[in-house]
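Below is one structure, written out as structure tokens; the observations come after it.
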Amino acid sequence: MYKVGSQAYQQVNLETCVSQASPHQLIVLLFDGALNAMRLADLYIQKGNIAGKGKAISKAINIIDNGLKSCLDLEQGGEIAENLDNLYRYINQQLVLANLHNDQDKLHLCFDLLNNIAESWREIA
């Protein structure tokens, strides 16, 4: 019963954050979501929870593909947008491999790469 209430509260809190966020803050939320999903996947690998790991990695890939990559303007963004597109593609490929092989090293690499970009993005504000 408490879990359902907690999940409902989290959903309302997330919806409030998203509806009140600037475009810059929305990107930060996407980074945070992907990074949190990777942290969760790491914990699931440690605990041997294969289904949870797969779901968490899929969530990270989805956020990167349908959130972060889709925000890139490859026509106007020039070399920076192209480099980010390539980096996001690389991170997703490594996440797939981490999922297939329960490879925490690849997962940590992906986390570090994405976190570096996220930290830079946060500093822009």
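Could you check residue 110 against (1) at pLDDT 95 or above; (2) surrounded by fewer than 14 Cβ atoms within 10 Å (Cβ to Cβ); (3) closer than 23 Å to residue 124 by Cα and say which number it fails?
Condition not satisfied by residue 110: (2).
Rundown of residues vs (1) assigned to a helix (DSSP H, G or I); (2) small (Gly, Ala, Ser); (3) in contact with a Cys (Cβ under 8 Å, 6 or more places away or on another chain); (4) at negative phi, yes/no style:
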{"residue": "42", "(1), (2), (3), (4)": "yes, no, no, yes"}
{"residue": "46", "(1), (2), (3), (4)": "yes, no, no, yes"}
{"residue": "52", "(1), (2), (3), (4)": "yes, yes, no, yes"}
{"residue": "84", "(1), (2), (3), (4)": "yes, no, no, yes"}
{"residue": "98", "(1), (2), (3), (4)": "yes, yes, yes, yes"}
{"residue": "110", "(1), (2), (3), (4)": "yes, no, no, yes"}
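Need the failing condition index for residue 75 against (1) under 18 Å from residue 90 (Cα atoms); (2) at pLDDT below 95, just the number.
(1)
Can you confirm whether residue 116 is more than 16 Å from the chain's Cα centre (by Cα) and of a type in the set (S, T, N, Q)? I'd like the intermediate steps shown before the answer.
Numbers: more than 16 Å from the chain's Cα centre (by Cα): no; of a type in the set (S, T, N, Q): yes.
For residue 116, the condition - more than 16 Å from the chain's Cα centre (by Cα) and of a type in the set (S, T, N, Q) - is not met.
Let's see how each residue does on (1) loosely packed, with under 12 Cβ neighbours inside 10 Å; (2) of a type outside the set (Phe, Trp, Tyr); (3) touching a helix residue (DSSP H, G or I) at 6+ places or on another chain (Cβ under 9 Å):
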site	(1), (2), (3)
69	no, yes, yes
79	yes, yes, no
82	no, yes, no
85	no, yes, yes
98	no, yes, yes
103	no, yes, yes
114	no, yes, yes
122	no, yes, yes
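Return yes or no: is residue 62 assigned to a helix (DSSP H, G or I), in contact (Cβ under 8 Å) with a residue 40 or more places away in the chain and within 20 Å of residue 26 (Cα to Cα)? Walk me through it before giving the result.
Numbers: assigned to a helix (DSSP H, G or I): yes; in contact (Cβ under 8 Å) with a residue 40 or more places away in the chain: no; within 20 Å of residue 26 (Cα to Cα): yes.
Taking the combined requirement at face value, the residue does not satisfy it.
Of the residues 47, 53, only one is without any contact (Cβ under 8 Å) to a residue 60 or more places away in the chain and surrounded by 12 or more Cβ atoms within 10 Å (Cβ to Cβ); which? Steps first, please.
On the way: 47 fails: surrounded by 12 or more Cβ atoms within 10 Å (Cβ to Cβ).
None of the others qualify; the one that does is 53.
The values are calculated or read from the model by the stated rules, or taken from the named source; none is laboratory data. Quick caveat: nothing in here was measured; it's all calculated off a predicted structure. We place every Cβ from the backbone using ideal geometry, glycine too, and count neighbours over all the protein chains shown.
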